[in-house]
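Here the structure comes first, spelled out in structure tokens, and everything after it is commentary.
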Amino acid sequence: MRMVDIIEKKRNGEELTTAEIRFFVEGYTDGTIPDYQASALCMAIYFQDMTDRERADLTMAMVESGDQIDLSSIAGVKVDKHSTGGVGDTTTLPLTAMVAAVGVPVAKMSGRGLGHTGGTIDKLEAIEGFHVELSSEEFSKQVNDIGMAVIGQSGNLTPADKKLYALRDVTGTVSSIPLIAGSIMSKKIAAGADAIVLDVKTGDGAFMKTVEDSIKLAEAMVKIGNSVGRKTMAIISDMSQPLGYAIGNALEVQEAIDTLKGKGPADLNELCYTLGSQMVVVGGKAKTIEEARKMLEEVVASGAALEVLKKFITAQGGDASVVDDPSRLPQAKFKFDVPAKQAGYISKIEADDIGTAAMLLGAGRATKESEIDLAVGLVLHKKVGDEVKEGESLMTIHANTENVDAVLEKIYAHIFISAEKVEAPKLIEAIIT
Ligand code: URA
Ligand code: CA
């Protein structure tokens with residue numbers, strides 16, 4: 001088999017065979033196929049697309065390019081959730097504690113973040129003592145005992161995706177549906193999930209800016225998952241403004257705790273219940289979405305979900321007293337309010353730029369080597385559709401530096417107030433099964 005023939009075949013719009021796709025993925029992973037041929041094929045895929053069968057083959061070839069996590073020692077259907085990423089997306093922590101509390105085992109492998117704020121692991125490390133270094137035996141035992149565990153990315157998972165993603169990043173081939181879908185799904189499948197619930201974000205702060213594109217991506221991933229024997233569902237959720245109120249690591253841990261106490265922001269709360277209901281259904285603990293939702297509401301109301309969170313923090317070496325006393329989380333030295341310059345209704349809070357403002361404070365990494373300041377970030381007081389008086393605080397800046405002029409300037413440039421009443425954006429745009 002020759003790589004040049006595979007490139008030409010795809011360039012001409014023909015369907016590649018399973019063997020051809022495997023030849024490419026294996027050869028690119030072991031270095032026998034050079035970057036220039038791989039990038040030519042990615043570009044051909046970008047323009048010619050792939051059939052459903054090719055997409056599934058690409059995904060499984062990437063899964064098999066490295067290690068696969070075996071979660072069979074954990075009882076029950078292991079359901080994983082994946083978000084395509086957004087600003088202030090605090091969902092993972094409250095969501096996983098809720099579903100664990102109704103008996104769906106959560107065996108999660110998470111990453112550190114590159115971007116506006118840290119990833120789930122960075123956030124958890126805002127809790128003193130918390131660590132994610134568990135052996136695979138400890139990991140399984142903890143999930144069986146208390147229902148949830150989170151570990152860092154370990155082992156040689158989907159090396160084909162690592163190499164290809166880096167190549168796509170510099171060859172104009174990131175935004176291709178078959179390539180994105182294969183990249184995301186291969187990582188979830190290699191991490192051992194039996195079932196996958198996807199939260200595909202849409203809007204300014206998301207990877208996919210329009211609902212149409214988000215639906216296409218979600219449908220592609222749902223088809224891949226289901227065709228390789230992993231039950232997969234997706235929701236399309238709004239990321240035109242930040243999710244919840246908090247953007248920052250310790251601040252989001254506090255928001256997660258509030259949500260499990262039933263006092264979280266309405267949008268974050270609703271998203272947790274929507275995603276959680278799907279996870280409970282695919283996890284086989286409820287027959288219908290309505291039944292699942294009731295179960296989740298009950299474990300929040302009774303405090304059972306909060307109890308799971310405490311046990312989880314303790315099991316991984318963390319100080320669980322932060323749950324009752326969030327002031328024990330890292331605190332920034334300075335707080336500054338951002339007063340509204342005029343009265344009216346909030347019409348836009350541009351997620352991407354507000355996220356960048358949080359990053360300027362030190363909440364996120366600009367490069368892989370950057371250090372995160374866990375204490376800093378932003379706490380919104382207003383969301384799109386809310387009425388605001390002149391001089392009323394739009395948000396509070398939590399900073400460890402006294403000069404926040406650049407951050408203020410960024411915030412004012414990306415929050416808009418209109419004289420007319422504005423509708424809040426729809427949170428859940430679609431559900432795809
Ligand atoms: N996220 C991924 O993991 N892969 C992509 O290709 C795009 C976003
Ligand atoms: Ca948030």
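The values are calculated or read from the model by the stated rules, or taken from the named source; none is laboratory data. Predicted model, so just to flag it, every value in this text is computed and none were measured. Positions of Cβ are backbone-derived with ideal geometry, glycine not excepted, and every protein chain shown enters the neighbour counts. Surface areas here come from the heavy atoms of the whole protein model, side chains and all, with no ligands, DNA or RNA. Shrake-Rupley method; radii C 1.70, N 1.55, O 1.52, S 1.80 Å.
With respect to GLY192, is the statement that it is surrounded by fewer than 23 Cβ atoms within 10 Å (Cβ to Cβ) and of a type in the set (Gly, Ala, Ser) true?
Judged against the criteria, GLY192 is a match.
Among the residues of segment 1-49 satisfying the criterion of being among the polar types (S, T, N, Q) and surrounded by fewer than 15 Cβ atoms within 10 Å (Cβ to Cβ), which is farthest from THR158 (Cα to Cα)?
The residue in question is ASN12.
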Out of all the residues in segment 82-103, is one or more touching a Phe, Trp or Tyr at 6+ places or on another chain (Cβ under 8 Å) and surrounded by fewer than 20 Cβ atoms within 10 Å (Cβ to Cβ)? yes
Quick check: is even one residue across segment 164-183 open to solvent by 50 Å² or more (accessible area, probe 1.4 Å) and of a type in the set (Lys, Arg)? no
Subset tally (residues that are open to solvent by less than 50 Å² (accessible area, probe 1.4 Å) and in contact with a Ser or Thr (Cβ under 8 Å, 6 or more places away or on another chain)) for segment 203-233: 13
Taking segment 227-242, which residues are over 14 Å from the mean Cα position of the chain (by Cα) and part of a strand (DSSP E or B)? LYS231, THR232, MET233
Please work out if ILE417 is surrounded by fewer than 18 Cβ atoms within 10 Å (Cβ to Cβ), among the hydrophobic types (A, V, I, L, M, F, W, C) and either modelled with pLDDT under 95 or outside any helix (DSSP H, G or I) (or both). no
In segment 243-254, is there at least one residue being open to solvent by less than 10 Å² (accessible area, probe 1.4 Å), of a type in the set (A, V, I, L, M) and in a loop (DSSP other than H, G, I, E, B)? yes
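Filter the helices (runs of 4 or more DSSP H) completely within segment 281-387 down to those with at least 1 residues that are within 30 Å of VAL422 (Cα to Cα) and open to solvent by 20 Å² or more (accessible area, probe 1.4 Å). So that I can check it myself, show each step before the final result.
Working: elements: 289-301, 304-315, 351-361.
It comes to 289-301, 351-361.
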Spans of helices (runs of 4 or more DSSP H) in segment 1-59 with at least 2 residues farther than 17 Å from LEU179 by Cβ: 3-11, 18-30
